[in-house]
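Undergrad: Here it is, the structure, as structure tokens.
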Amino acid sequence: MIRLAANLSMLFTEHDFLDRFRAASAAGFRGVEYLFPYAYAPEELAAALREAGVEQVLFNMPPGDWEAGERGLASLPGREAEFRDGVVEALRYAEALDCPRVHAMAGLLPVGADAETLARYHATYVSNLRFAAAEAAKVGCQVLIEPINTRDMPGYFLSRQAQAMAVLEQVGANGSLRLQFDLYHCQIMEGDLIRHLERQFTAIAHVQIAGVPERHEPDVGEVHYPALFERLERLGYRGWVGCEYRPAAGTREGLSWGRDYGLTV
């Protein structure tokens, strides 16, 4: 059975952040994810999870200066110490929240990056991911990498599925580095979603969804999610499916698509 997790950075934004946990639970979600936990003490978040009766399934490592436009540190030469500090902080939160996976955002390439620059970013990315995966393995956590489409995030270092799979192979890490497979991003960049799922299935630790192209509810747009959910089940997927979309007109108003997967409206 598909297990849906509410992305609290996008869903239930009608509520204050700490109230979104209860709102998600009341709508039938049993897991939650969001961008970043660091504005709150781990104890506050743990209490919100406990009171709502939901699991923390994913969040991102510190991304650098988000407000200034930074989108991760993992591939940025010269920022290695900051990235490593972020790994330690993310794993501290993961342990406190009993969260089994954290996403390491890759970061943005400079405009007009040449081959030499790309090689330096790649080498930094691989080195940083080796460190992060080794640290995560010590506490039973997984680090995830996610190709993100360059329409929504121009210049993002990791944008193609084959690129991600090559990085996973190069880093190794014995399962502590895995793939976060966002069907929305993949559809925009490459399409052929079922074949990508099949080829990459053994590397996938987390799936995310949204309607394409507007990133609204997954029952609107060009992707037929029931077929993808059926294929995930046939493949034996036991992870979470993160609902990382922007409601078109209020979160509860748009949840009818999820009735077959345990949501209530």
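The values are calculated or read from the model by the stated rules, or taken from the named source; none is laboratory data. Bear in mind the structure is a predicted one, so any value in this text is a computation, not a measurement. Side chains are part of the model used for accessible areas, which takes the heavy atoms of the whole protein and leaves out ligands, DNA and RNA. Shrake-Rupley method; radii C 1.70, N 1.55, O 1.52, S 1.80 Å.
Undergrad: Specify whether the C-alpha gyration tensor of region 187-249 places it in the rounded, prolate or oblate class, a ≥ b ≥ c being the square roots of the eigenvalues: rounded for a/c under 1.5, otherwise prolate if a/b is larger than b/c and oblate if not.
TA: Numbers: a/c = 1.99, a/b = 1.60, b/c = 1.24.
Since a/c reaches 1.5 and a/b is larger than b/c, the shape of region 187-249 is classed as prolate.
Undergrad: Here's another thing I want to ask about it. So which residue, out of Thr251, Thr124, Thr202, gets the largest mean-square fluctuation from a GNM of the chain using Cα contacts under 10 Å as springs?
TA: Thr202
Undergrad: Tell me, Kirkwood radius of region 142-213 from alpha-carbon pair distances, in Å?
TA: 12.3
Undergrad: For a distance above 31 Å, tell me the whole-number percent of Cα pairs in the chain that qualify. Walk me through the numbers on the way to the answer.
TA: Details: 7468 of 34980 pairs.
The answer is 21 percent, as a whole percent.
Undergrad: Can you give the Rg and Dmax of region 107-166 based on its C-alpha atoms, in angstrom?
TA: 12.9, 39
Undergrad: Right, next: Which whole-angstrom value gives the distance between the alpha carbon centres of region 1-60 and region 77-140?
TA: 24
Undergrad: Counting only protein chains, not ligands or nucleic acids, how are Arg259, Arg92 ordered by accessible area (probe 1.4 Å), most first? Can you show the working numbers first?
TA: Numbers: Arg259 145, Arg92 115 Å².
So the residues, ranked largest to smallest area, are Arg259, Arg92.
Undergrad: Mean-square fluctuation check for the chain, GNM, Cα pairs under 10 Å: which of Gln170, Gln142, Gln208 is largest?
TA: Per the Cα network of the chain with a 10 Å cutoff, Gln170 tops the list.
Undergrad: Hey, any idea what the orientation-averaged projected area of the convex hull of region 10-128's Cα atoms comes to, in nm²? Each step should come with its number before you reach the end.
TA: Values: hull surface 33.1 nm².
Taking the Cα atoms of region 10-128, their convex hull projects to 8.3 nm² on average.
Undergrad: Residue by residue through region 213-224, what is 3J(HN,Hα) from phi via Karplus (6.51 cos²θ - 1.76 cosθ + 1.60, θ = phi - 60°)? Round to whole Hz and write x for glycine and proline.
TA: Calculated HN-Hα couplings, in order: x, 7, 6, 9, 3, x, 8, 10, x, 8, 9, 9 Hz.
Undergrad: Under a 10 Å cutoff between Cα atoms, tell me which one of Ala203, Ala166, Ala46 has the largest fluctuation in the Gaussian network model of the chain.
TA: Ranking Ala203, Ala166, Ala46 by mean-square fluctuation puts Ala166 first.
Undergrad: Taking region 130-255 as the region of interest, what is the percent of Cα-Cα pairs per 5 angstrom bin, listed from the shortest bin to the one with the maximum distance?
TA: Taking all Cα pairs of region 130-255, the binned fractions are 2, 11, 20, 22, 20, 14, 8, 4, 1 percent.
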